[in-house]
Every structure is written in structure tokens, then in C-alpha cells.
Amino acid sequence: MAVFGWFVLTLVFIDELLAMAAFGVWGWQHEPRWLLVWLLPVAAMVAWGLFASPKATRSGPVIRPVVKVIVFGLASLALLDAGHPGWALALLVFSVVVNGLAQLPAISRLPTDGPRRDSVRTR
């Protein structure tokens, strides 16, 4: 289960990167392109770091999931508005699935669990 759990958490990280890229795609479609293409992803990263990341300083049991829904929802809407409805739907479905799997107790505990003695080989 641990291997599957880390695989899911890797997909969650990829999902976060895809959301940031979606904001960049939307920024590229609008003026001033040179500003929005990097400003929107940076703003999303700051919001994520403050409220939604595992080590967020201003997070909580309500704030964290709400910010996640807002970021992934806006990223999907950004792709939709940029003329990529298929990618918008794919991002939304992927986000819901991988973040839902990441909430399973065995997976959500992985980042906080330290290495177990039985999993460390000794010679």
C-alpha cells in the first residue's frame, strides 16, 4: 500500500503543477501577456503555499480544502476560458480523483510517518 500511496502523492504533486500551468495558459491568452503568464501562476503558488500545502502556516481543517477547491476549480475554468474544454474537464476529473485518493487514511499519513524500523534493512 505504501508504494501505491506514494504514487498517488506524486500524482497530487503533478496535479498541482498542472494547475499552475493552467493559470499560465490563461495568462498567455490575455493582455498584458508578458505579465499574466507568470504573475497568475506565482499568485496561485503563494496562495497554495500559505493555505493548502502540507506545511502551510495559515491552514486549517476548513481553509485547506476550500483553497484547494478554489485553486483547482479556477485552474479548470482558466483552461475552459482559454479554449481548451477537453483539457479543462480532464484536469478537473484528475484533480478530484487524485486528491480524493490522497484523503484515504493510509495515504494521508504517509508524509508524516517517519521511516519504520521494519522497512529499513540492516546488514
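What tally of residues in segment 29-79 results from selecting those that are in contact (Cβ under 8 Å) with a residue 40 or more places away in the chain and surrounded by 14 or more Cβ atoms within 10 Å (Cβ to Cβ)? Break it down stepwise before answering.
First, pick out the residues of segment 29-79 that are in contact (Cβ under 8 Å) with a residue 40 or more places away in the chain: 29, 54, 71-72, 74-76, 78-79.
Cutting the leftovers down to surrounded by 14 or more Cβ atoms within 10 Å (Cβ to Cβ) gives us 29, 71-72, 74-76, 78-79.
Selection size over segment 29-79: 8.
Taking only pairs six or more apart or across chains, which ones have beta-carbon atoms under 6 Å, a first residue in segment 1-23 that is loosely packed, with under 15 Cβ neighbours inside 10 Å, and a second residue that is among the basic types (Lys, Arg)?
Short answer, once both residue conditions are applied: none.
Please tell me if Val96 is under 14 Å from the mean Cα position of the chain (by Cα) and either at pLDDT below 95 or open to solvent by 80 Å² or more (accessible area, probe 1.4 Å) (or both).
So Val96 passes the test.
The values are calculated or read from the model by the stated rules, or taken from the named source; none is laboratory data. The structure presented is a predicted model; accordingly, all values stated were derived computationally and were not measured. Cβ coordinates were reconstructed from backbone atoms using ideal geometry, including for glycine residues, and neighbour counts include every protein chain displayed. Surface accessibility is based on the protein's heavy atoms, side chains included, excluding ligands, DNA and RNA. Shrake-Rupley method; radii C 1.70, N 1.55, O 1.52, S 1.80 Å.
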